[in-house]
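In what follows, a structure is listed as structure tokens, so that the remarks can point back to it.
Every number here is computed from the coordinates shown, using simple stated rules; none is lab data. Predicted model only: the values in this text are computed from it and were never measured. Cβ coordinates were reconstructed from backbone atoms using ideal geometry, including for glycine residues, and neighbour counts include every protein chain displayed.
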Ligand SMILES: *Cc1c(COP(=O)(O)O)cnc(C)c1O
């Protein structure tokens, strides 16, 4: 099953004189031979750019660095590279220099919601913890382009400890999402240390790792890594396949090793113009995912970070894709389409509408084929006034004294026990007049 294609052999021989099957499959060899400049790219692929083109590429690289693993490069179809999804995701594009007036440096305001460096605490019960600023491959569509790729910026122990300390002191955090950069750029032992520290925190119930290694450097998934991860269950991993062409024998092997270690796998695709903005292609991709025990989790609308204008599609493209999946293929193969709100509102689901009308006792629904149907609601439903006194509730939910329950946002408006009747923006003239009175 192991592959080492003629093309990969050729690439490794061009790059290094220690070319061999075992070196090719050694992730450290892959990383130390990552392609970081245009000349090397030309030498390996025999694709030639003219001087003018090259000058523009160099300019792009001054702003956003280049790094492609030999493995990922080997997936490029040289003969049709301009339309190649692997090439487009990994090779600089002059459009990256275009900054639209709607672009935002820290578009998701991750720095604003950051109590300590590296941590973004946006949602009630979970945090994002950036533990690496480097990646095996620099995706051209990266939302954290502005910060990823700084040399030498794997945070040191004392920086990481500050993040861990924050989590320790914040009992509401039950889910820690490790991201970066790519957390799997850290050594096994360093990662082991971070996971051990996090796991020792009693209120941390689950740890997730966001990594693109199964896609860009599947050889990073080694027996040693998997055996180390296994010690820290429950560990979940989310990866990012964007195109069916990325699903190779090597990446399938990596996924299988992770799944066999009992790690639930998810996929977070980014909707990218010219790469995967096609319902048929996306159906193929999600089907390949579940075939490899990876649950499609999110489909992201491309963020408003700088240098991504050429990758953005209208939101309607994503809706069209989801419309072509729901009902048409396995329910668990359908991701949720989300827009990560500019300014820090977090992920917002944007899905097609299936509830099309309702009366006091019926709802009108439509299905994926266009069938319009009605569902008769119960004649009697004893609404219980919920005063959040769970001890007396017949539903037998056992809460511990430490479990606190605080309604937030729309949930607050719906809650019986909460007297809030509207959510009102604070900084309007109207509110300022009120406050001045
Ligand atoms: C995406 C994200 C999470 C995790 O969100 P889920 O919807 O639970 O996957 C947590 N924190 C931040 C800041 C995020 O961007």
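Could you tell me how many degrees, from 0 to 90 and to the nearest 10, lie between the Cα long axis of helix 315-325 and the main elongation axis, the longest principal axis, of the Cα atoms of the chain?
90 degrees
I need 310, 33, 328 ordered by Cβ neighbour count within 10 Å, fewest first. Don't skip to the end; give the middle numbers.
Details: 310 17, 33 22, 328 13.
Ordered by Cβ neighbours within 10 Å, fewest first: 328, 310, 33.
Calculate how many DSSP beta bridges within the range 119-349 are antiparallel, expressed in % of all such bridges and rounded to the nearest 5.
Values: 7 of 33 bridges.
Of all bridge pairs located within the range 119-349, approximately 20 percent are antiparallel.
Can you give the angle from 0 to 90° between the axis of helix 157-168 and the longest principal axis of the chain, with both taken from C-alpha atoms, to the nearest 10?
Result, in degrees: 20.
Remind me, relative contact order of the chain in percent, using alpha carbon pairs under 8 angstrom and six or more residues apart?
12 percent.
Taking springs between alpha-carbon atoms closer than 10 angstrom, which of 192, 391, 224 fluctuates most in the Gaussian network model of the chain?
391
Cα gyration tensor of the chain, axes a ≥ b ≥ c as square roots of the eigenvalues: rounded (a/c below 1.5), prolate (a/b > b/c) or oblate?
Details: a/c = 1.69, a/b = 1.54, b/c = 1.10.
Judged from the Cα gyration tensor, the chain comes out prolate (a/c at least 1.5, a/b above b/c).
Would you mind telling me which residue in 202, 244, 92 has the biggest mean-square fluctuation in a Gaussian network model of the chain, where springs connect alpha carbons within a distance under 10 angstrom?
202
Between residue 400 and residue 200, how high is the FRET efficiency from 1/(1 + (r/R0)^6) when r is the Cβ-Cβ distance and R₀ = 30 Å? Nearest 0.05.
Values: r = 20 Å, r/R0 = 0.67.
The value I calculate is 0.90.
For the range 257-339, what class follows from the C-alpha gyration tensor (a ≥ b ≥ c being the square roots of its eigenvalues): rounded when a/c is under 1.5, otherwise prolate if a/b is larger than b/c, else oblate? Walk me through the numbers before you get to the answer.
Details: a/c = 2.35, a/b = 1.49, b/c = 1.58.
Verdict is oblate for the range 257-339.
Contour minus end-to-end for residue 350 and residue 364, with contour as 0.36 nm per residue of separation and end-to-end as the Cα-Cα distance? Walk me through the numbers before you get to the answer.
Values: separation 14, 0.36 × 14 = 5.04 nm, distance 2.01 nm.
My answer for the length gained is 3.0 nm.
What does the helix-only formula give at 222 nm for the chain: each DSSP H stretch with n ≥ 4 adding -39500 (n - 2.57), the total divided by the residues, and the result rounded to the nearest 500 deg cm²/dmol? Present the calculation step by step, with values, prior to reporting the outcome.
Details: 16 runs with 136 residues, N = 437.
Computed ellipticity for the chain at 222 nm equals -8500 deg cm²/dmol.
Which percent, to the nearest 5, of DSSP beta bridges fully inside the chain are antiparallel? If you can, show how the numbers build up before the last one.
Working: 16 of 43 bridges.
Antiparallel bridges: around 35 percent, rounded to the nearest 5.
Which of 360, 143 has the fewest other C-beta atoms within 10 Å, and how do the rest follow up to the most? Each step should come with its number before you reach the end.
On the way: 360 5, 143 19.
With the sparsest Cβ surroundings first, the list reads 360, 143.
Taking the highest mean first, how do the peptides 178-185, 156-163 order by number of other beta carbon atoms within 10 angstrom per residue? Show your work: numbers first, answer last.
Values: 178-185: 24.4, 156-163: 14.8.
With the highest mean Cβ count within 10 Å placed first, the list reads 178-185, 156-163.
Rounded, prolate or oblate: which fits the range 7-107, taking a ≥ b ≥ c as square roots of the Cα gyration tensor eigenvalues, rounded meaning a/c under 1.5, else prolate when a/b beats b/c?
Values: a/c = 2.22, a/b = 1.76, b/c = 1.26.
Here the range 7-107 falls in the prolate category.
Using a 10 Å cut-off around each Cβ, can you sort 421, 319 from fewest to most neighbouring Cβ atoms?
Numbers: 421 8, 319 15.
Ranked by crowding around the Cβ, least crowded first: 421, 319.
Expressed in nm to one decimal, what extension gain is obtained for the pair residue 62 and residue 82 from 0.36 nm per residue of sequence separation less their Cα-Cα distance? Mind dumping the intermediate values first?
Values: separation 20, 0.36 × 20 = 7.20 nm, distance 2.18 nm.
The span from residue 62 to residue 82 would gain 5.0 nm if fully extended.
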